[in-house]
1. For segment A:169-202, which residues satisfy the criterion of being outside any helix (DSSP H, G or I) and at pLDDT 95 or above?
2. Please enumerate the residues belonging to segment B:38-88 that are of a type in the set (Ser, Thr, Tyr) and within 26 Å of residue A:82 (Cα to Cα).
3. Which of the residues that make up segment C:40-59 are in contact with a helix residue (DSSP H, G or I) (Cβ under 8 Å, 6 or more places away or on another chain) and modelled with pLDDT of 85 or more?
4. When segment C:133-166 is examined, which residues are found to be of a type in the set (S, T, N, Q) and either within 14 Å of residue C:75 (Cα to Cα) or surrounded by 19 or more Cβ atoms within 10 Å (Cβ to Cβ) (or both)?
5. How many residues, within segment A:174-202, are without any contact (Cβ under 8 Å) to a residue 40 or more places away in the chain and either surrounded by 14 or more Cβ atoms within 10 Å (Cβ to Cβ) or farther than 30 Å from residue A:84 by Cα (or both)?
6. Quick one: in segment C:1-57, which of the residues that are away from every other protein chain (no Cβ under 12 Å) and not in a helix (DSSP H, G or I) is farthest from residue C:126 (Cα to Cα)?
7. So, in segment B:94-121, of the ones that are without any contact (Cβ under 8 Å) to a residue 60 or more places away in the chain and small (Gly, Ala, Ser), which residue ends up nearest to residue B:154 (Cα to Cα)?
8. Considering only segment A:121-136, state which residues are within 7 Å of chain B (Cβ to nearest Cβ) and in contact with a helix residue (DSSP H, G or I) (Cβ under 6 Å, 6 or more places away or on another chain).
Amino acid sequence: MIAPFFKFGYFNSEIGLLVAFIIGIGFGFFLERGGFGSARLLAAQFYFTDMRVFKVMFTAIVTAMVGLFYLSWIGFVDLSLVYLGDTYLLPQAVGGLILGIGFVIGGYCPGTSGVAIATGRLDAIVYSLGGFFGIFVFGELFPYMTNFYYSTHLGKENLPSFFDINYGLVILLVILIAVAGFTAVEWGEKVMAKKRSGGENA
Amino acid sequence: MSIKEWFSHHHEDNVKEHALYPKHYWNSYLVGMGLGLVLLSAFVIMGRGLGASGALSTVVAVSVNEVAPSHAKGNAFYEGYLGDGTQSPLKDWLVFEVLGLIVGGFISGAIAGRNKIAIEKGPNITKKKRFIFAFIGGSLMGFGAKMARGCTSGQGLTGGAMLNLGSWAFLLSVFAGAYATAYFVRRQWI
Amino acid sequence: MLKYFANLPVRKRVGILGIFLGILAIFAKDPYHNSEAAINVKEIAASSVRNVNEIGVKDLADWIIAGKVDYRLLDLRSKKEFDKYHIPTSECMPVNKIPESDLRRNEKIYLYSNNQVVESQAWFLMKAMDYKSVSILDGGLEKWKREILFPSLPVNATNSQKAEFEKMKEVSKFFGGHPQNGVVKSSSSKMIMPKINMPTKIVLKHSKKKKKREGC
């Protein structure tokens, strides 16, 4: 096992910062390519007019998940050295709800707002300022919320271990759900398109 | 259908209705695979995934520290982002990654001719209202992201690929919260 | 069959490939709790000969005193023996507990025991599990006791040896041992060690380990 390279000391953290920058370029590049620099396209997901948020996110998750799993299987990557965050079930669920509400109201998430700023969207700048403000509020309230913040701590938990299923089986299930989801979404988009063009193509 | 057609905006046909949308976005699945490979390279090279909200938090912590150092150092949340003083807190992996993200987004937009000063909003709302909504949305996002220990890039993509239990719960909540609220702010987008 | 596959639209092909990869994944072992290991026999045989996997007791003592604890020191003996005395900064890790431990492949790992066979077994096991840095404490616990806890001056000591002994007296006191006055016959192979119980008053410098944030 020789990967992750940084964890095995192949380069120091200064180079790691350079790696961060380069990976960030790739990240931002693909986000913009997919149209994620546009708040209207992002919000359209939640009105069922454009499902690209679901398609891109789920495809990315499945790609990385499958790649990581197979690289680990052949003994290239030591999966135990890849960072796995602790699970705090309740705060993460509540935080997700709040973030989702903010997402559809503001039209961005932190990463996409950066891309939007890069392409000149002024509302993204306002959104980011709001983001700073929200984090500041959280920071100030943090000392009073520590009980909730650290509640339901399940440690390092992943889907296979929590549901006691074979890791590979979970991978298969996620892929099946993805394929089913994409098929449904494609069909749905076709139906919406037909409806909107008033049945011209019928 | 040839591969060339598949790569083009075939699936974005329903988006053509909105005349302001530029064309030539890549196919969503292709973009997704590209993002997935970027994420995978982060896993393989650094042993960590992507993120974005952490960089914002670092900026907030550093700012608070500039204005009120003793207050910042006494707060466990800010302290976590300020480090132990041996090096500048801005020498942070996520900060550099977000800087790269901005550059990458700019490059992609420049190539496609999509870079222009504009305000993203639906046709039925004023600019002022849009800014107010953007600020409110951003604040909720910032608060929620810190509560959940991440945002859609970090917890969503990274945690999702690692099959992290909390991350999948987070993803479901994000979609639930967004869909639940969409009706109430539809005036802004549609 | 292949022709049918080639005529499918690209999307369907990727979907089928994905499902195939998913089905294949069922047959893999758990990436986190793998009880199988593959060893490169040439490499292990070569490193056994090269003798590079040992650390000296004096080096270890210096690191502990300086607070430079960037390693994991494993005591391979039983819990009872561990509780009676163990080298400061060490952890109790009998060999059978190693596969399910939280030891990471990129950590510096040092092993010691009062039994050379056990030390070698643990070393081999960890090398087979692909731990990158595994070393055995040269001489084991016995040498630690003999040179660090209870250092002694041989007959006809040279001046440099006497100076060395003065230094070792301080080290020994730090670890709660007693420097031996008088000399010990160097020919006796089985020395009776003075009894030592776990000293309660060792003050260790803890180097501030900066935890790098890896979340988002």
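1. Of everything in segment A:169-202, nothing turns out to be outside any helix (DSSP H, G or I) and at pLDDT 95 or above.
2. Of everything in segment B:38-88, those that are of a type in the set (Ser, Thr, Tyr) and within 26 Å of residue A:82 (Cα to Cα) turn out to be B:41, B:53, B:57, B:58, B:78, B:81, B:86, B:88.
3. C:57, C:58
4. If the condition is that a residue be of a type in the set (S, T, N, Q) and either within 14 Å of residue C:75 (Cα to Cα) or surrounded by 19 or more Cβ atoms within 10 Å (Cβ to Cβ) (or both), then C:135 is the only one that fits.
5. 18
6. C:1
7. Within segment B:94-121, the match that is nearest to residue B:154 (Cα to Cα) is B:100.
8. Those that are within 7 Å of chain B (Cβ to nearest Cβ) and in contact with a helix residue (DSSP H, G or I) (Cβ under 6 Å, 6 or more places away or on another chain): A:123, A:126, A:127, A:128, A:130, A:131, A:132, A:133, A:134, A:135, A:136.
The values are calculated or read from the model by the stated rules, or taken from the named source; none is laboratory data. Not measured: the values here are computed from a predicted model. Because the Cβ atoms are built from the backbone with ideal geometry, glycine has one as well, and the counts that use them run over all protein chains shown.
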